[in-house]
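Enquirer: Could you have a look at this structure, given as structure tokens, before my questions?
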Number of protein chains: 4
Amino acid sequence: MKVEFHSDREFDLIAIGRACIDLNSVEYNCPMEETMTFKKYVGGSPANIAIGTSKLGLKSGFIGKLADDQHGRFIEQYLRRVGVDTSHMVVDQEGHKTGLAFTEIKSPEECSILMYRDEVADLYLDPSEVSEDYIEKAKVLLVSGTALAKSPSREAVLKSIRLAKKNDVKVIFELDYRGYTWVSTQEASVYYSLVAEQSDVVVGTRDEFDILENLKDGNNEATVNHLFKHSPQLIVIKHGVEGSYAYTKSGETFRGHAYLTKVLKTFGAGDSYASAFLYALITGKDIETALKYGSASAAIVVSKHSSSEAMPTLDEIEQFISERTKDIGVTTRLM
Amino acid sequence: MKVEFHSDREFDLIAIGRACIDLNSVEYNCPMEETMTFKKYVGGSPANIAIGTSKLGLKSGFIGKLADDQHGRFIEQYLRRVGVDTSHMVVDQEGHKTGLAFTEIKSPEECSILMYRDEVADLYLDPSEVSEDYIEKAKVLLVSGTALAKSPSREAVLKSIRLAKKNDVKVIFELDYRGYTWVSTQEASVYYSLVAEQSDVVVGTRDEFDILENLKDGNNEATVNHLFKHSPQLIVIKHGVEGSYAYTKSGETFRGHAYLTKVLKTFGAGDSYASAFLYALITGKDIETALKYGSASAAIVVSKHSSSEAMPTLDEIEQFISERTKDIGVTTRLM
Amino acid sequence: MKVEFHSDREFDLIAIGRACIDLNSVEYNCPMEETMTFKKYVGGSPANIAIGTSKLGLKSGFIGKLADDQHGRFIEQYLRRVGVDTSHMVVDQEGHKTGLAFTEIKSPEECSILMYRDEVADLYLDPSEVSEDYIEKAKVLLVSGTALAKSPSREAVLKSIRLAKKNDVKVIFELDYRGYTWVSTQEASVYYSLVAEQSDVVVGTRDEFDILENLKDGNNEATVNHLFKHSPQLIVIKHGVEGSYAYTKSGETFRGHAYLTKVLKTFGAGDSYASAFLYALITGKDIETALKYGSASAAIVVSKHSSSEAMPTLDEIEQFISERTKDIGVTTRLM
Amino acid sequence: MKVEFHSDREFDLIAIGRACIDLNSVEYNCPMEETMTFKKYVGGSPANIAIGTSKLGLKSGFIGKLADDQHGRFIEQYLRRVGVDTSHMVVDQEGHKTGLAFTEIKSPEECSILMYRDEVADLYLDPSEVSEDYIEKAKVLLVSGTALAKSPSREAVLKSIRLAKKNDVKVIFELDYRGYTWVSTQEASVYYSLVAEQSDVVVGTRDEFDILENLKDGNNEATVNHLFKHSPQLIVIKHGVEGSYAYTKSGETFRGHAYLTKVLKTFGAGDSYASAFLYALITGKDIETALKYGSASAAIVVSKHSSSEAMPTLDEIEQFISERTKDIGVTTRLM
């Protein structure tokens, strides 16, 4: 099975949601209390995916709200520089701030993030700032779950999905669950279910699907059986180092294996995975290839310092795969 | 066309949303500044419909949150007394208050309401307080639009709709739009669209459908064409004294005429209409009869002082209709 | 000792704070759940005192914020009708509501109040709406503690006190503590101390002075010793049916006895006491007489249905006292 | 005139208010959009003064609330390392964050700060967390104006001032006005007046005194005439490069001149001034010397990268002064 996209659209992918600042400790392998210097990067899952797909050659756009300050302007300039269309990013007029993520790398296994997400500009995107004229120009609308966490961003996203479906734009839902922005897991479950049932492709970790289903230790079969009663055609469930599974509505299952690599930190793995996976899907590659691209892209990014700047080019991904394929096959067709 | 309901369910109808207090001026035909005495009644659209259908002989239940005070206890006692099941009403533990509506009747044409809706208990119904075990016992889940206006009541309602659809409970959406509880009409439009598209029956005034569509002076044909692409099977659009139209997915249109009556005030017309209309639908009557029942019930209530206590019995409705039918036919089959 | 007031001021007393609506059960001696009718009166401690002193013949004014609705207009009209100057009452432009108090009279000993105080207009009085030109025209600024419970009303009152002291207007502080509007008793204690120390006269119940001192079971001697180190010249501490004590900075203590009376309800006792007590002080009567007036006024009001409309005239007070004095002496000079 | 301090107290100075993180651009002389690296320092006016006085040899303590995260722990560790007593700093339990200040140095004349002050831990210091046992151990309580901007920090500070006055601890008020944390200048004026009138020493810029007085272009004479009617004994009004004026209640006026220096940035000038000025006062030096120390300390800090780490030692200040005194006399006794 292949997901079919409209062929004659100006944009391959338009992402909606947050674009923030990562402040990555320059010093590694120590607690943040001892880190004295931080390096600034663009961050935030949908921004990273817009950047990642753009670097891979897709035409990407972004719908989001930026703080009216130096950090907001830096983000817009950076996105524009790497080729992302920023014509539908709006600048907040009410003094909201750019979200921040200070990253701590105590060891490759012990990474943590200190988030600043109170009253951030991205969550103030208003439904009136989402334009049908823009969305109908895209093959894919990429929705990030975190943008559903608060009003009015929540309503802006719900509106964008309606407009996408109305205009035959495929909706891809990256669960991207961040607990601290939600009032409760019950609340998150309500919106995750609602949006997943309306999406064409759903991508997330097993833990994130548990949030969606409001349960613990869910199993993939039950998850996909339920969702395939609704809109989804393709569901990707990631299990960390054990790799990922892709399920199609037509009944196929694929397993993608993670590449062994020297891990510097785990940040950015999901976004780089999604970027390359979506790149492959949208350019018409088969699901096995898409899984391979995703894994390769993630393996490259976790070995580098940033999430956004480290996003690989197509050449890097293909070279990485060709070097590794000698060793192990990374996808398995299960059924 | 008839809407089909599950036959073997314990409850005919379970309503979800607000149950409040109406404080109706005892003195009529004067501005409220000069009114010195107020009479207390249960109010709120879904509570009125639960009461109205119960008085007509249906088995009704209610899901909602009550203030932990004298007004909250009065509401629960009143509902129970008229036969509404209150086993799934929960009592607020955080000091929220009962919503109030002071009514002013300057003249039959000039009625207004002074609302107290800040921090009211009904809008704090939590999704965790909505039980699948209860909803699956009903033929119909009646959803009131006002309950979508704020979190967490909004999420409680969205969850109840998912559970209803999962358990083959028909969802009836009474638009019941009250501007003051919403942040913006854009926000209202997002949730009204979302819920209407998932409902089986949608009932509202033409103005309320305009909110749903986020436009002005919409026309019924466009409205029903759009909604019939989704779940709805039956749509009722009310045009005040010009009567109402019922549209079926199978292509029929019916017009219901309003009965002429001595109007005391306009409050309660919508809820009494909905009660009798739904009673007729659920008991298997045809749509023409349902429209007639709705109009008769509304005509009876607008001639009396309260909205809830004035809800008619079946005998009253049938006697009213038989007296009037000599004069005019109240429904017309258009196509 | 007598408190001296400026003789040549246009207003005897200007009160600042809330003016609300009391909704008193028409039915007595039953729980509110069974009360079906409510009668409307102006309420709120400083409004009652402005009304009470005006009925006794003083020239009173009021600084406060009213809802832009029927209840707000009723209050302004009522105050004006009983002679209170309303030229410095401002009308809220942001949709805030009038505070409400539903009163329940289960028995003369069991009275309770159901308050609506969320987002009420009176607590939105802004410091910019307090005018020095007005305050300097008064002999007395009457401050009610409840107006300190929330910003910006809190800052409006703090500003009014500064302006009063600057212009030699005596500050009289009626503690009027209502727990539900404060975040914590710690917070209340901070502002009560601050304002009491800056006031000339402080009036409250023993329980209210405990809040001020942030302790339990405080004793009057410690209370007055502390406060007399600051601005106060006269402190009145009320002990319910055991009567009240008045302490002067110069070292005198007076005890006022409560009159026995047929109590209908306890609401309004404090405000009627304050009205008559202040009337006596401002018109140059001695403290013993002031205590007697206060007790008589309270005894009259607790035997009637309302708090504001029941405020007695001077004749009523004097007649009440002359009838009772045959029996008992109501004040005692202790030292 | 000299300000007299209690001689036998364990702490010379206890500061109350915020302790935050400064993130100073490593790259100078460019807009922040182009800055890629930030260096972390402790910041916040009262923390800087506690650090500055501690480095000068005073025994300093701090009352404040810290975020329960890496930034909070860094601040506590840093303060402790430079000798500040942190036994009365409390750790927030409700997820509030550490305040941040990103500094931008476009040129020595064009410095700006990008603040993160939404929901920061320091503004959640509660009055119940302020201990009389601690405050009574100090010669001086240093109050920073910004801590008055929001509840409950506002009430914690008001309480600390009451406790200080009760225990004969001198209150020094550093106006430290930051517009973005206040609802309005009216609100700021109310609390600035209230606290200034209760303080023994008030230090601020001319602009800050204008906020206190709620006017524009105020003049020093009117300012000090008003404040000397209340508690203040010493008032310092700073006029930037034109130097500063110190006024005593006994009628003296001193002018302190600013030292010419190579300015890197203007941040930290006020705090380093206050640290050295207070050091001199508390150690019994005369006001002329205190002004000189303040100016020298400020001149040293503005030529360095940070505000806190750059705080000079006594030797550095004295050496700086001795080098410069050859050129110009820096204080003038005016009357």
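The values are calculated or read from the model by the stated rules, or taken from the named source; none is laboratory data. Because the structure is a prediction, the values reported are computed rather than measured. Cβ: placed from backbone, ideal geometry, glycine included. Neighbour counts: every protein chain shown. For accessibility, only protein heavy atoms count, side chains too; no ligands or nucleic acids. Shrake-Rupley method; radii C 1.70, N 1.55, O 1.52, S 1.80 Å.
Enquirer: In a Debye calculation with equal point scatterers on the alpha-carbon sites of chain B and no solvent, what is log10 I(q)/I(0) at q = 0.11 Å⁻¹?
Expert: -0.65
Enquirer: Give the nm distances, rounded to one decimal, from B:ASP168 to the matching residue in every other copy, measuring between label points 7 Å along Cα toward the beta carbon; shortest first.
Expert: Reported distances to equivalent positions: 3.5, 8.7, 8.9 nm.
Enquirer: Heavy atoms only, 1.4 Å probe, whole protein assembly: order B:GLU155, A:GLU34 by accessible area, highest first. Working shown, then result.
Expert: Details: B:GLU155 0, A:GLU34 115 Å².
Largest accessible area first, the residues go A:GLU34, B:GLU155.
Enquirer: Another question, if that's okay. Relative to the other copies, what are the label-point distances for D:SER128, with labels 7 Å from Cα along the C-beta vector, expressed in nm at one decimal and sorted shortest first?
Expert: Relative to the other copies, D:SER128 has label-point distances of 2.3, 3.6, 4.3 nm.
Enquirer: Sticking with this structure for a sec: How much accessible area per residue does segment A:217-279 have, counting only protein heavy atoms and a probe of 1.4 Å, in square angstrom?
Expert: Details: 2560 Å² over 63 residues.
Here the residues of segment A:217-279 average 41 Å² of exposed surface.
Enquirer: Sorting A:MET36, C:MET311 by accessible area (1.4 Å probe), largest first, what list results?
Expert: Details: A:MET36 50, C:MET311 5 Å².
Final ranking, largest accessible area leading: A:MET36, C:MET311.
Enquirer: Please identify the GluC sites (Glu not before Pro) of segment A:58-105 that satisfy two criteria: DSSP loop assignment and at most 13 other Cβ atoms within 10 Å. Which are they?
Expert: Details: sites: A:GLU76, A:GLU94, A:GLU104; in loops: A:GLU94.
Hits after loop and neighbour filter: A:GLU94.
Enquirer: Here is a further query. How large is ³J(HN,Hα) for each residue in segment A:167-178, as worked out from phi by the Karplus curve 6.51 cos²θ - 1.76 cosθ + 1.60 (θ = phi - 60°), to whole Hz, x for Gly and Pro?
Expert: Karplus-based 3J(HN,Hα) across segment A:167-178 equals 10, 6, 9, 5, 9, 10, 10, 8, 4, 6, 7, 10 Hz.
Enquirer: Also, I was wondering about something else. How much space per residue, in cubic angstrom, does the convex hull of the C-alpha atoms of the protein assembly as shown take up? Before the final figure, lay out the partial values.
Expert: Values: hull volume 243.4 nm³, N = 1340.
Normalising the Cα hull of the protein assembly as shown by residue number yields 182 Å³.
Enquirer: Within segment C:82-191, count lysine pairs with alpha carbon atoms under 29 angstrom apart where the residues are 8 or more positions apart or belong to different chains.
Expert: 18
Enquirer: Apply the Debye scattering formula to segment C:66-167, with a single equal point scatterer on each alpha-carbon and no solvent, then give log10 I(q)/I(0) at q = 0.19, 0.23 Å⁻¹.
Expert: -1.06, -1.30
Enquirer: Heads up, I need the accessible area for B:LEU291: 1.4 angstrom probe, whole protein in place, Å², nearest 10.
Expert: The accessible area comes out at roughly 0 Å².
Enquirer: In addition: When the dipole is taken about the Cα centre of the protein assembly as shown, and only Lys, Arg (+1) and Asp, Glu (-1) are charged at their Cβ, what size is it in debye, to the nearest 20?
Expert: Working: 152 positive and 196 negative charges, 1 e Å.
Dipole of the protein assembly as shown, to the nearest 20 debye: 0 debye.
Enquirer: FRET efficiency for B:ASP133 and A:GLU94, Cβ-Cβ distance as r, R0 = 45 Å, nearest 0.05? Could the numbers behind the result be given before it?
Expert: On the way: r = 44 Å, r/R0 = 0.98.
It comes to 0.55.
Enquirer: Round to a whole angstrom and tell me the spacing of the C-alpha centers of segment A:1-77 and segment C:103-180.
Expert: For segment A:1-77 versus segment C:103-180, the Cα centre distance is 52 Å.
Enquirer: Taking K and R as +1 and D and E as -1, what net charge do the other residues with C-beta under 10 Å from the C-beta of A:VAL202 add up to?
Expert: Values: positive: none; negative: A:GLU174, A:GLU197, A:ASP200, A:GLU208.
Around A:VAL202, the surrounding residues sum to -4.
Enquirer: Moving to a separate point now. Taking the alpha carbon gyration tensor of segment A:27-122, what are the square roots of 5 times its eigenvalues, largest first, to the nearest whole Å? Before the final figure, lay out the partial values.
Expert: Details: eigenvalues 137, 65, 21 Å².
They are 26, 18, 10 Å, listed from largest to smallest.
Enquirer: Indicate the residues belonging to segment D:168-187 that lose 50 Å² or more of solvent-accessible heavy-atom surface (probe 1.4 Å) upon moving from the chain alone to the assembly of all protein chains, ignoring ligands and nucleic acids.
Expert: SASA drop of 50 Å² or more in segment D:168-187: D:GLN186.
Enquirer: Residues of segment B:139-165 losing 50 Å² or more of accessible surface, assembly versus chain alone, probe 1.4 Å, please list them.
Expert: Hits at the 50 Å² cut-off: B:GLU155, B:ARG162.
Enquirer: Here is a follow-up. Through the Karplus equation 6.51 cos²θ - 1.76 cosθ + 1.60, θ set to phi - 60°, convert the phi angles of segment A:91-108 into ³J(HN,Hα) values in whole Hz; use x for Gly and Pro.
Expert: 9, 4, 10, 10, x, 6, 9, 6, x, 10, 9, 7, 9, 10, 10, 6, 6, x
Enquirer: Report, by chain and number, residues whose modeled amide H sits under 5 Å from the one on C:MET36, excluding near sequence neighbours (fewer than 5 apart, same chain).
Expert: Amide H neighbours of C:MET36, under 5 Å, 5+ apart: C:GLU27.
Enquirer: Continuing with this model, one more query. Could you please report the charge total around B:SER45, scoring K, R as +1 and D, E as -1 over all other residues with beta-carbon less than 14 angstrom from its beta-carbon?
Expert: Values: positive: B:ARG18, B:ARG117, B:ARG178, B:LYS238; negative: B:ASP22, B:ASP122, B:GLU174, B:ASP176, B:GLU208, B:ASP271.
Net charge around B:SER45: -2.
Enquirer: Given H placed on each backbone N at 1.01 Å, which residues far from A:SER303 in sequence or on other chains put an amide H within less than 5 Å of it?
Expert: Amide H to amide H, under 5 Å and 5 or more residues apart or across chains, A:SER303 pairs with A:LEU264.
Enquirer: Give, rounded to the nearest 20 debye, the magnitude of the charge dipole that segment A:1-145 has about its Cα centre when Lys and Arg contribute +1 at Cβ and Asp and Glu contribute -1 at Cβ. Please report the intermediate quantities before stating the final value.
Expert: Numbers: 16 positive and 25 negative charges, 115 e Å.
Its charge dipole is roughly 560 debye.
Enquirer: Heads up, I need the accessible area for B:SER189: 1.4 angstrom probe, whole protein in place, Å², nearest 10.
Expert: About 10 Å², ignoring ligands and nucleic acids.
Enquirer: Another one. Using only atoms on other chains, find how many Cβ atoms lie within 10 Å of each Cβ of peptide B:31-41 and report the average. Mind showing how you got there, number by number?
Expert: Working: counts 3, 6, 11, 3, 3, 5, 6, 7, 4, 9, 1.
Mean shielding by partner chains, rounded to a whole number: 5.
Enquirer: Return one whole number: the accessible area per residue of segment D:1-109 in Å², for a 1.4 Å probe.
Expert: On the way: 3670 Å² over 109 residues.
That works out to 34 Å² per residue.
Enquirer: Given a 1.4 angstrom probe, I'd like the percentage of the accessible area of segment A:142-211 that is carbon and sulfur, rounded to a whole number.
Expert: 51 percent
Enquirer: Next question. Roughly speaking, to the nearest percent, how much of segment C:231-291's 1.4 Å accessible area is carbon and sulfur? Please list the in-between numbers first.
Expert: Details: 1130 of 2040 Å².
Ligands and nucleic acids excluded, carbon and sulfur reach 56 percent.
Enquirer: Which aspartates and glutamates, on any chain, are close to A:LYS65 with Cα under 13 Å apart, when same-chain ones fewer than 8 places away are left out?
Expert: A:GLU76, A:ASP92, A:GLU94, A:GLU119, A:ASP122, A:ASP126, A:GLU129
Enquirer: A further question follows. Taking θ = phi - 60°, what integer Hz values does the Karplus form 6.51 cos²θ - 1.76 cosθ + 1.60 yield along segment D:40-55, in sequence order, with x for Gly and Pro?
Expert: So the J values, rounded to whole Hz, are 9, 9, 6, x, x, 3, x, 5, 4, 6, 4, 5, x, 5, 5, 5.
Enquirer: Can you send over the solvent-accessible area of D:CYS20, 1.4 Å probe, protein chains only, in Å² to the nearest 10?
Expert: 10 Å²
Enquirer: Sticking with this one: Please get the size of the charge dipole for segment C:77-187, origin at its Cα centre, with Cβ charges of +1 on Lys and Arg and -1 on Asp and Glu, quoted in debye to the nearest 20. Write down the numbers at each step before the final one.
Expert: Numbers: 15 positive and 19 negative charges, 68 e Å.
The calculated dipole for segment C:77-187 is roughly 320 debye.
Enquirer: Could I ask something else about it? Compute the signed sum of charges (Lys and Arg +1, Asp and Glu -1) over the other residues within less than 11 Å, Cβ to Cβ, of B:ASP176. Before the final figure, lay out the partial values.
Expert: Working: positive: B:ARG18, B:ARG178; negative: B:GLU174, B:GLU208, B:ASP271.
Around B:ASP176, the charge tally is -1.
Enquirer: Taking every DSSP beta bridge with both residues inside segment C:85-223, roughly what % is antiparallel (nearest 5)? Don't skip to the end; give the middle numbers.
Expert: Details: 7 of 16 bridges.
Looking only at bridges with both residues in segment C:85-223, the antiparallel portion is about 45 percent.
Enquirer: Quick one: which residues, 5 or more positions from C:GLY44 or on another chain, have an amide H under 5 Å from its amide H? H modelled 1.01 Å from N in the peptide plane, none for Pro or chain starts.
Expert: Sorted by chain and number, the residues that satisfy this are C:CYS20.
Enquirer: Still on this structure, please answer the following. Take B:GLU33, C:GLU27, C:GLU10 and sort them by solvent-accessible surface of the protein heavy atoms, 1.4 Å probe, largest at the top.
Expert: Final ranking, largest accessible area leading: C:GLU10, C:GLU27, B:GLU33.
Enquirer: Rounded to the nearest 100 Å², what is the sum over both chains of accessible area buried where A meets D, with a probe of 1.4 Å? Walk me through the intermediate numbers first.
Expert: Working: alone 13890 and 13860 Å², together 25160 Å².
Protein heavy atoms only, the A-D interface buries about 2600 Å².
Enquirer: With a 1.4 Å probe and every protein chain kept in, tell me what percent of the accessible surface of segment C:7-82 is carbon plus sulfur.
Expert: Working: 930 of 2150 Å².
Exposed carbon and sulfur together represent 43 percent of the surface.
Enquirer: Sequence neighbours fewer than 8 away in the same chain don't count; with that in mind, list the aspartates and glutamates whose C-alpha is under 13 Å from B:LYS216.
Expert: B:ASP207, B:GLU208
Enquirer: With a probe of 1.4 Å, find how much accessible area segment D:134-188 has per residue, and write the answer as a whole number in Å². Intermediate results must be reported in sequence, preceding the final value.
Expert: Details: 1510 Å² over 55 residues.
Accessible area per residue, segment D:134-188: 28 Å².
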